[in-house]
Amino acid sequence: MSCTVWNLPDYHNLLRIIREDFQYVCNKGKKYRERFFQNQLKIWKICQISMVFLVCIALGMMLFSIASLIWYLKTHGSEIGTRPLPFPIWVPHVDIGKSPLYEVCLIYSNICVVTYAINFIFMMQIQILWIGEIATKADLVIWSIEDLMNGIRPALNKQEELYFSTLLKQRMQEIVKIHKSMIELMTSYARVYTKLLMFEQKVCAPVVCLSAYGATEILEKTGEINGILVILCIATIISVFIPSCLCNFLSIKVSSICYACWNIPFWNATPVIRPYIVLIMQRSLRPLPIKASGFEEVSIETFSNKMASAYSFYNMLRHIKI
């Protein structure tokens, strides 16, 4: 949440650009408006799915902790000091199983689960919305480039050449303005989320490895399934995969602007179009600004490497005696 406070102007910039895009599309015509709202509907559905997933993770952890406690009380005696805590907490020279410390730790653990769930819901929803808006901007650029040569043909005289050049300049001015807004939005996203994504990139492999190892050890020694660790492992994998997939999608979407420039009959235009097309193509082929020194790019390939590292660490821990 501190990142939200520090980067509040970037969030305001996102809201301003969303409002501008809505007004632009509504004045552009039915062709643009229908495709724009189809994209917005997809973004809304993805946001809903991610929210349901994160809520289910939080509810699953809380329900498992309560269910495991009820099961333990039904199958064991009422001795004080023997109740297991579903969320592992260790304090030196203190018996967590005694009342009221046990109840305090259990309530505190569930409050932490709810807090983290709310934080991740906000973070994931805004991230999906932000990347969706950047992709929508890229679509607006692509649609405008596809319509750039409408009504343009080789000039037959100086008057037609001047008319077509002026018309192309006006259309390219609009395209460059949208493209510049997309780059600003992408830079704002990088300012807000780069630190968070780099942190996820560093800790995801150890968290997946240790949670899987802990769940396996408990299953082998006691024959019980530790649902908390299993849910944590699955949630970590999916929570890291989603941003990696989104950044991969964003990279492909932005670079597709370059290919849209190749698909127009630019040979029918005057030379005035060349510097604009070259500039847009060069800028679209640059890598995403979501990077930092000493870290890999955020992509599905990096996610696969991290999961492979987690599996290697897991196998190593399984073959040694700690």
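We did not get these values from a lab; they are worked out from the coordinates using the rules stated. Remember, it's a predicted structure, so these values are computed and weren't measured experimentally. Methodologically, a virtual Cβ is constructed for each residue, glycine included, from the backbone with ideal geometry; neighbour enumeration extends over all protein chains shown.
Shown for 95, 147, 21: other C-beta atoms within 10 Å of each C-beta, ranked fewest to most, produce the order 95, 147, 21. Would you please give the FRET efficiency between residue 293 and residue 69, computed as 1/(1 + (r/R0)^6) with r the Cβ-Cβ distance and R0 = 41 Å, to the nearest 0.05? My answer for the efficiency is 0.30. Only DSSP H runs of four or more residues enter the estimate; each adds -39500 (n - 2.57), and after division by the residues of the chain the mean residue ellipticity at 222 nm equals -28000 deg cm²/dmol. Over the Cα atoms of the stretch 230-322, the radius of gyration divided by the Kirkwood radius equals 1.25; this is the Rg/Rh ratio. For the stretch 102-172, taking the reciprocal of the average inverse distance between every pair of different Cα atoms yields a Kirkwood hydrodynamic radius of 17.0 Å. GNM remark for the chain: springs join alpha carbons under 10 Å apart, and the peak mean-square fluctuation among 133, 34, 220 falls on 220. Extension gain for the segment residue 4 to residue 177, taken as residue separation times 0.36 nm less the Cα-Cα distance, is 59.6 nm to one decimal.
Dividing the alpha-carbon radius of gyration of the stretch 159-226 by 2.2 N^0.38 Å (N being the number of residues), what value is obtained? Working shown, then result.
On the way: Rg = 27.2 Å, N = 68, 2.2 N^0.38 = 10.9 Å.
For the stretch 159-226, the normalised Cα radius of gyration comes out at 2.49.
Once the piece of chain linking residue 217 and residue 98 is laid out straight, how much longer is it, given 0.36 nm per residue of separation minus the C-alpha distance between them?
Values: separation 119, 0.36 × 119 = 42.84 nm, distance 2.54 nm.
Gain on stretching residue 217 to residue 98: 40.3 nm.
Looking only at 12, 76, 93, which one moves most when the chain is put into a Gaussian network model with springs between Cα atoms under 10 Å? Maximum among the listed residues: 93.
Which net charge results for the neighbourhood of residue 106, defined as the other residues with beta-carbon distances under 15 angstrom from its beta-carbon, given Lys and Arg at +1 and Asp and Glu at -1? Neighbour charge sum, excluding residue 106 itself: 0.
Measuring nothing but alpha carbons in the stretch 249-294 and taking Rh as the Kirkwood radius, the Rg to Rh ratio lands at 1.12. Going from the fewest other Cβ atoms within 10 Å to the most, the residues 187, 270 appear in the order 187, 270. Need one word for the stretch 1-78: rounded, prolate or oblate. Basis is the Cα gyration tensor (sqrt eigenvalues a ≥ b ≥ c); a/c below 1.5 gives rounded, then a/b vs b/c decides. Note, shape of the stretch 1-78 comes out oblate. Taking Lys and Arg as +1 and Asp and Glu as -1, the other residues whose beta-carbon sits under 12 Å from that of residue 226 total -2. Between residue 300 and residue 158, the FRET efficiency estimated from the beta carbon spacing at R0 = 41 angstrom works out to 0.15.
When all alpha carbon pairs of the stretch 98-141 are counted in 5 Å bins from zero, the resulting P(r) reads 5, 20, 13, 12, 10, 9, 9, 6, 6, 4, 3, 2, 1 %.
Within the listed set 115, 166, 75, the residue fluctuating most in the Gaussian network model of the chain (springs between alpha-carbon atoms under 10 angstrom) is 75. Relative to its Kirkwood radius, the Cα radius of gyration of the chain gives an Rg/Rh of 1.14.
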